[in-house]
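So the structure is just underneath, and the comments pick up after that.
The values are calculated or read from the model by the stated rules, or taken from the named source; none is laboratory data. None of these values were measured; they are calculated from a predicted model. Note that we place each Cβ from the backbone using ideal geometry, even for glycine, and neighbour counts take in every protein chain shown. To get the accessible areas, we keep the full protein, side chains included, count just its heavy atoms, and leave off ligands, DNA and RNA. Shrake-Rupley method; radii C 1.70, N 1.55, O 1.52, S 1.80 Å.
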Amino acid sequence: MREVILLKREEYYEEEIDIRPSYRYKETGEIAYFHEFVTIPETIAVESGVYAVLEKENGECGLYGLSEFKFKNKAELE
């Protein structure tokens, strides 16, 4: 399994007069492990799209959006 670093979305304003916030993603320092990508149709609980199944170090698995993590190392070609 490949290691990933979880990211946290932060809201900020470019200038004091901006009405709409911009977003940036910062590393949380928390490591998880990538299992696979899944495609999910739209439901009441979640928007449709591609998500990653990640397993945290405590064994908890969940679906994460593509902007909520980054791979720690580049993929090795076989």
Exercise. What accessible area per residue comes out for the chain, rounded to a whole number of Å², with a 1.4 Å probe?
Worked result: 82
Problem set entry | Carbon plus sulfur fraction of accessible area for the chain, probe 1.4 Å, in percent | 48
For this session: With a 1.4 Å probe and every protein chain left in place, tell me how much accessible area Ser67 has, in Å² to the nearest 10.
Result: 50
For this session: Could you pull the accessible area for Lys56 with a 1.4 Å probe, rounded to 10 Å²?
Result: 40
Exercise. Normalised by the number of residues in the chain, what is the relative contact order in percent for Cα pairs under 8 Å and 6+ residues apart?
Worked result: 32
Problem set entry | Which labelled figure in [x] -0.57, -0.87; [y] -0.64, -0.90; [z] -0.71, -0.94 is log10 I(q)/I(0) by the Debye sum over Cα atoms at q = 0.16, 0.20 Å⁻¹, once derived from the coordinates | [z]
Seminar exercise, completed: Note, region 18-30: 3J(HN,Hα) by Karplus (6.51, -1.76, 1.60, θ = phi - 60°), whole Hz, Gly/Pro = x, goes 5, 9, 9, x, 9, 10, 9, 10, 10, 5, 8, x, 8
Exercise. So which chymotrypsin sites (Phe, Trp or Tyr not before Pro) in region 47-78 end up in coil per DSSP with only 11 or fewer other C-beta atoms within 10 Å?
Worked result: none
Exercise. Whose amide H sits under 5 Å from the amide H of Lys72, counting only residues 5 or more places off or on another chain, with H placed in the peptide plane?
Worked result: Glu3, Val4, Ile5
